[in-house]
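S.K.: Can you keep this structure in mind? I'll have questions shortly.
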Amino acid sequence: MFFSIDANNGVAIYDQIVRQVKFAIAEGSLRPGQLLPSVRSLSVELALNSNTIARAYQQLQSDGVLELLRGRGVAVCQGATKVCKEARRTLIADRLRSVLTEALHGGLESNEIEELVRKQLKQLSGTVNTVSSSLESQPIP
């Protein structure tokens, strides 16, 4: 599994893992029943403390996204796709609301903001890797 961790972006590392797992499930890169790497192997792969990975997995379990399968590991729950799609939509809506509020407080008019959004979307179109495209570029072990 591919994770992109940025220790300097202001989001806790465990929360970055939680978000990325939820986004991967929402877009179908991770499917119900699919096993995730063990805490130990993922901590080695990402060069992170195993407690950070364990905390992310515990959060995902309490959110109803992952389940512990005795003797097998941690897997994506049935029904997690719907939960993750809603979580993704809520997170993005909240972040957009924050940026839009800042723009409006900064004195920009609605039409200026819409133009900025259109320009940015046009510039980003086809240049941003999704979770699944990042997974496709990874060599198969």
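S.K.: Here's a check for you: in segment 64-94, which residue that is assigned to a loop (DSSP other than H, G, I, E, B) and in contact with a helix residue (DSSP H, G or I) (Cβ under 7 Å, 6 or more places away or on another chain) is nearest to residue 14 (Cα to Cα)?
M.R.: The selected residue is 65.
S.K.: Oh, and also: Test of understanding: among 97, 19, which residue is in contact with a Leu (Cβ under 8 Å, 6 or more places away or on another chain) and part of a helix (DSSP H, G or I)?
M.R.: The match here is 19.
S.K.: Considering only residues that are surrounded by 10 or more Cβ atoms within 10 Å (Cβ to Cβ) and among the β-branched types (Val, Ile, Thr), look in segment 85-128 and name the one that is farthest from the chain's Cα centre (by Cα).
M.R.: It comes out as 113.
Matching residues to (1) crowded, with 17+ Cβ neighbours inside 10 Å; (2) of a type in the set (Asp, Glu); (3) modelled with pLDDT of 95 or more; (4) within 16 Å of residue 20 (Cβ to Cβ):
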residue	(1), (2), (3), (4)
45	no, yes, no, yes
50	no, no, yes, no
55	yes, no, yes, yes
60	yes, no, yes, yes
63	no, yes, yes, yes
66	yes, no, yes, yes
70	no, no, no, no
77	yes, no, yes, no
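S.K.: Another question, then. Give segment 22-44 a look and list any residue that's touching a residue at least 40 places away in the same chain (Cβ under 8 Å) and either under 20 Å from residue 92 (Cα atoms) or outside any loop (DSSP other than H, G, I, E, B) (or both), or say none.
M.R.: Once the filter is applied, which keeps residues that are touching a residue at least 40 places away in the same chain (Cβ under 8 Å) and either under 20 Å from residue 92 (Cα atoms) or outside any loop (DSSP other than H, G, I, E, B) (or both), segment 22-44 yields 22, 23, 24, 25, 26, 27, 28, 29, 30, 35, 42.
The values are calculated or read from the model by the stated rules, or taken from the named source; none is laboratory data. None of the values given here were measured: they were computed from a predicted structure. Cβ sites come from the backbone with ideal geometry, for glycine too, and all protein chains shown count toward neighbours.
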